[in-house]
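Trainee: Questions regarding the structure given below will be posed in turn.
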């Protein structure tokens, strides 16, 4: 079987993405229904950046599928001493069946993807496809719970915050793959790369006014304004994003049945108000749990076991 990677949303065809989401739903209904699927297999989970949801969801997911999760950090591996990522990939491909990699740059991810086994992007500065795929699952699940057509196609989804962030950039890819309309709201100077918007121009609109972006949307997403590695820019970013906090007042511009999402961790009082995060319109905790089910489905799909 030819190895398959998941480095970005568009690495999988829309039909394949749909298969992953359908399997995710099956696994959520019966979490241990495939408890021997990965028996005798090892999955390397390489974490170069701090993680809670990503590490736990992948590690628990591998265990629930009957596999062995092998978690590596920079500290405690030869990566700490500067071993090339490509060399690490050559070792892992001989000992493991799949590699989950969380790192900083796309270049390092590309190096890891030289492995002869599949590689899953568990975050880079340029994208967070596992999170966004789980977010799509969560949105469609929410629609179904409310008796609505459980497909995002044709619906409007807002993302308010840093348009150049990994989350926003993966959302642009998801809008194109799932054919929903992304209302991306960000201040000047924090827009996504123009070529990425151009590729999805039929499905993406850029706004600078949150009130305009939230009109007629089904879901409102946000994320931290200062990501890991950007701490030196904190004060500059706080000034640039003034007026972009998801507050009860801002949500009045969205339909009353619009739900709120945040990939976490949240900086309460910055990008999202405490009352909104913990309010009745928030589906943040469903969103966090669904990382587990979607990533289990993704691993099985990439290994040809779906």
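Trainee: Go through 85-92, 157-164 and give me the packing order, highest mean Cβ count within 10 Å leading.
Mentor: 157-164, 85-92
Trainee: Over the chain, what is the percentage of antiparallel beta bridges among all DSSP beta bridges, to the nearest 5?
Mentor: Percent antiparallel among DSSP bridges in the chain is about 5.
Trainee: Ok, one more. Mind ranking 276-285, 107-116 by how tightly packed they are, going by the mean number of other C-beta atoms within 10 angstrom, highest first?
Mentor: 107-116, 276-285
Trainee: Starting from the Cα gyration tensor of region 130-287, take the square roots of the eigenvalues, sort them a ≥ b ≥ c, and report rounded, prolate or oblate (rounded when a/c is under 1.5, otherwise prolate if a/b is larger than b/c, else oblate).
Mentor: In terms of gyration-tensor shape, oblate.
Trainee: Here's another thing I want to ask about it. Which distance in Å, rounded to a whole number, links the C-alpha centroids of region 220-286 and region 1-80?
Mentor: If you average the Cα positions of each part, the centres end up 28 Å apart.
Trainee: Something else now. Can you pull the percent of Cα pairs in region 1-152 with separation above 23 Å?
Mentor: Cα-Cα pairs of region 1-152 separated by over 23 Å account for 39 percent.
Trainee: Suppose only helical runs count, i.e. DSSP H with n ≥ 4. What mean residue ellipticity at 222 nm does that imply for the chain under -39500 (n - 2.57) per run, divided by all residues and rounded to the nearest 500 deg cm²/dmol?
Mentor: Computed ellipticity for the chain at 222 nm equals -11500 deg cm²/dmol.
Trainee: Another question about this same structure. Give me the Kirkwood hydrodynamic radius of region 127-205, using the inverse of the mean 1/r over all pairs of distinct Cα atoms, in Å to one decimal.
Mentor: By the Kirkwood definition, the hydrodynamic radius is 12.6 Å.
Trainee: Another question about this same structure. In nm, what is the difference between 0.36 nm times the number of residues separating residue 179 and residue 145 and their Cα-Cα distance?
Mentor: Full extension from residue 179 to residue 145 adds 10.1 nm.
Trainee: Return the tail of the calculated pair distribution for the chain, meaning the percent of Cα-Cα pairs more than 24 Å apart.
Mentor: So the portion of pairs separated by more than 24 Å is 51 percent.
Trainee: Quick check: residue separation of residue 249 and residue 32 times 0.36 nm, minus the Cα distance between them. What number comes out in nm?
Mentor: 73.9 nm
Trainee: What's the extension gain from residue 285 to residue 56 if we count 0.36 nm per residue and subtract their Cα-Cα distance?
Mentor: Answer, rounded to one decimal: 81.0 nm.
Trainee: What does the convex hull of the alpha-carbon atoms of region 1-54 project to on average, in nm²?
Mentor: For region 1-54, the mean projected area of the Cα convex hull comes to 5.6 nm².
Trainee: In degrees from 0 to 90, rounded to the nearest 10, what is the angle of the helix 14-29 Cα long axis to the longest principal axis of the chain?
Mentor: Approximately 80 degrees, to the nearest 10.
Trainee: I've got another one for you. Report, to the nearest 10°, how far helix 129-145 tilts away from the longest principal axis of the Cα atoms in the chain, using its own Cα long axis and a range of 0 to 90°.
Mentor: 60
Trainee: Against the longest alpha carbon principal axis of the chain, how many degrees, from 0 to 90 and to the nearest 10, is the axis of helix 85-95 turned?
Mentor: Rounded to the nearest ten degrees, it is 60.
Here, each number is a calculation from the coordinates, and none is a lab measurement. Owing to the predicted nature of the structure, the values given are computational and were not obtained by experimental measurement. Using ideal geometry, Cβ is built from the backbone for each residue, glycine included, and neighbour counts are taken over all protein chains shown.
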